[in-house]
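Encoded as C-alpha cells, the structure appears first; notes follow it.
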Amino acid sequence: MRQRASKSAGFSLIEALVSLIVISVGMIGIAALYGQGLTAGRVALSRTVAVNLASAMAENIRANPLAKGAYAAGAANNGCAPPGGATCLPDAMAANDLFLWAQDIQANLPNGVGQVAFADGAPPTYTITITWDEVGVGQVAQQIVVQVPAT
C-alpha cells in the first residue's frame, strides 16, 4: 500500500512574499509619518520663537505707550538699551526697540522679518507681524494684535 503525501502545513513562498509586501507598505507609511512629524515639530519650534519675539515687542510697546505711531516707523540704533544706555525720548526708544527686535528676529528665524502696524484709536491698536522661511513649508507668518491704552 502506498501512503499519500501529507498536505503542507507551513507558509508557501507566495504567502511569504505577500506578507513581506504588506509589511513594507506599512513601514513606508510609518517613515512618511515620521518625516511629517519632524517637519511639524520644526515649524512648531519656529512658531514658538516667533510668538515669544512678538510678545517681547508687545511688552516694549506697553512699556512705552507715548511713542504710539513711532513703532510703525523705521528702526534706528539710538543707544537707548541698558546698561548705560542714554535717556531717550519715547520716539527714539521706539526706534531703538525696533532695531534690537529686528536683530533678534534675524538671529532666531531664517530670513525673519518683523513689522509693526499702528492704528490710532481708543485704545491704539498695534499689529505685530513676523514672517520667516520654513524649510519644506515655505514662508510662514505669525501675527499678534495688541491694544495699549495711552497713559
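Laboratory data are not the source of any read-out in this text; all were calculated from the coordinates shown. Keep in mind that what you see is a predicted model, and the values were worked out from it rather than measured. Note that each Cβ is placed from the backbone with ideal geometry, even for glycine, and that neighbours are counted across all protein chains shown.
Count Lys and Arg as plus one, Asp and Glu as minus one, and take only other residues whose Cβ is under 14 Å from that of I144; the net charge is then +1. Peptide packing: for 13-20, 87-94, the average count of neighbouring Cβ atoms within 10 Å per residue gives the ranking 87-94, 13-20, highest mean first.
Can you compute the helix-only [θ] at 222 nm over the chain? Use -39500 (n - 2.57) per DSSP H run of at least 4 residues, normalise by all residues, nearest 500 deg cm²/dmol.
Using -39500 (n - 2.57) per qualifying helix, the result is -17000 deg cm²/dmol.
What translational D, rounded to a whole number of µm²/s, comes out for the chain from Stokes-Einstein when the hydrodynamic radius is the Kirkwood one over Cα pairs, at 37 °C and 0.692 mPa s? Translational D for this selection: 169 µm²/s.
Given 0.36 nm per residue, what is the gain on full extension from Q106 to T127 after removing their alpha carbon distance, in nm?
5.6 nm
Computed extension length for T87-A119: 8.8 nm, one decimal, from 0.36 nm per residue of separation with the Cα-Cα distance subtracted.
Once the Cα atoms of helix 13-63 and of the chain are each reduced to a long axis, what angle between those two axes, in degrees from 0 to 90 to the nearest 10, is obtained? Relative to the chain, helix 13-63 is tipped by roughly 10 degrees. Using a simple spin-label model with pseudo-atoms 7 Å out from Cα toward Cβ, A32 and N77 lie 5.0 nm apart. Each other residue within a Cβ distance under 15 Å of N60 adds +1 if Lys or Arg and -1 if Asp or Glu, for a net charge of -2. Each of G41, A107, A141 was placed along the dipole of the chain (beta-carbon charges, centred on the mean Cα), and the one lying farthest toward the positive end is G41.
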